[in-house]
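Please read the structure below before turning to the comments.
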Amino acid sequence: MNIFTDGESSLSPMIQIAIILGSTRPGRRVEDVAQWVAEAAGRHPAVKAGEAGLELVDIAAYELPLLDEPAPAVIGSYQNAHTKRWAATIDRFDGFVFVTPEYNSAIPAALKNAIDYLYAEWNDKAAGIVSYGVYGGTRAAEQLRQTMAEIKIADVHAQVAINPYFDFDFTGSKAGVCAPGERQETALTTMLDEVLAWSRALRVLRDPIASADPQPGPT
């Protein structure tokens, strides 16, 4: 789902960020949390100015089976249609915001599976983490950082930890809706500042020519 984007390619001046929904479980809360992330991120100055585009990317929509590629992802020889579709999506982005719950002190198996399908498409990009759970999902976030190091994603320092006891609204008709306060939106803004800065800086590693500053002409 595209939001706040003009659909330009990842080599355009606009920085493209994917908000990745990291759970496929029935009854999941990740959709509520990701929607809050999208709405709050839409108020970021860079997004409002048209300097950054955001897109919700739901791993559930790709129906990825348990990793079934015959060759390691680092080789880049993808055989299956679902892998190629997933690779084409991830390749379009300059950076990511991973929205993940914490399951048994770790990220969901579906998210780890989706990450493991690819390699080069993740490389030399930036990412931030929005985690949620009884302890804010912080243990899942730490595990995710270890994984990102292996696929050459620069994970930024700032992160958002959502606690259902404080950041969800369980009153009346809004029962269970993710509704963090101003403090969490401030944390998200800080995280996006870092993700956008690193996403822009890392472009030169992926395409030095396209990312180079134009040289002055003859005088």
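Structural remarks
- Rounded to the nearest 20 debye, the dipole size of segment 60-126 about its Cα centre is 80 debye, using +1 on the Cβ of Lys and Arg and -1 on the Cβ of Asp and Glu.
- If the chain linking Gln146 and Glu39 were pulled fully straight, counting 0.36 nm for each residue of separation and taking away their Cα-Cα distance, it would gain 35.7 nm.
- Compared with the alpha-carbon gap, the fully stretched path from Arg85 to Ala197 is longer by 37.5 nm at 0.36 nm per residue.
- With R₀ set to 25 Å, the beta-carbon distance separating Arg206 from Ser77 gives a calculated FRET efficiency near 0.80.
- For the chain: relative contact order, % (alpha-carbon pairs under 8 angstrom, 6 or more apart): 21
- Whole-Hz ³J(HN,Hα) from phi, Karplus 6.51 cos²θ - 1.76 cosθ + 1.60, for segment 62-79, glycine and proline x: 9, 6, 6, x, 4, 2, 10, 7, x, 10, x, 4, 4, 6, x, 9, 6, 9
- Accessible surface, 1.4 Å probe, highest first, among residues His157, His82, His44: His157, His82, His44
- Spin-label model distance (nm) - Ser105 vs Glu63, 7 Å beyond Cα toward Cβ: 3.6
- Surface exposure of segment 95-182, expressed per residue as accessible area with a 1.4 Å probe, stands at 42 Å².
- Over all orientations, segment 79-176 has a Cα convex hull whose mean projected area works out to 7.5 square nanometres.
- Percent antiparallel among DSSP beta bridges (both partners in the chain, rounded to 5): 15
- Note on segment 104-181: antiparallel DSSP beta bridges, both residues inside, total approximately 25 percent of the bridges counted.
- Each Lys and Arg adds +1 at its Cβ and each Asp and Glu adds -1 at its Cβ; summed about the Cα centre, segment 1-132 shows a dipole of about 220 debye.
- Per-residue SASA entry for Lys112, accessible area with 1.4 Å probe, Å² rounded to 10: 80
- Span-like helix check, the chain: qualifying full DSSP H segments, with Cα axial length of 18 Å or more and mean Kyte-Doolittle of -1.0 or more, are 182-206.
- Estimated at 0.36 nm per residue, the fully extended path between Ala120 and Val177 surpasses their Cα-Cα distance by 16.9 nm.
- The sum of -39500 (n - 2.57) across all DSSP H runs of n ≥ 4, divided by the residue count of the chain, sets its helix-only mean residue ellipticity at 222 nm to -11000 deg cm²/dmol.
- Which label in (i) 43, 42, 31; (ii) 59, 50, 30; (iii) 68, 46, 27 gives the computed Cα extents along the principal axes in Å: (iii)
- Most positive-pole-ward Cα, Gly95, Ala81, Gly136, against dipole of segment 1-144 from beta carbon charges: Gly136
- Sulfur and carbon atoms: percent of accessible area, the chain [1.4 Å]: 55
- Accessible area of Asp116 (1.4 Å probe, protein heavy atoms only, ligands and nucleic acids ignored): about 60 Å².
The values are calculated or read from the model by the stated rules, or taken from the named source; none is laboratory data. Remember, predicted model here, so these are calculated numbers, not experimental data. Every residue, glycine among them, receives a Cβ derived from its backbone with ideal geometry; neighbour counts consider all protein chains shown. For the accessible areas, the whole protein counts, side chains as well, though only heavy atoms, and no ligand, DNA or RNA atoms are used. Shrake-Rupley method; radii C 1.70, N 1.55, O 1.52, S 1.80 Å.
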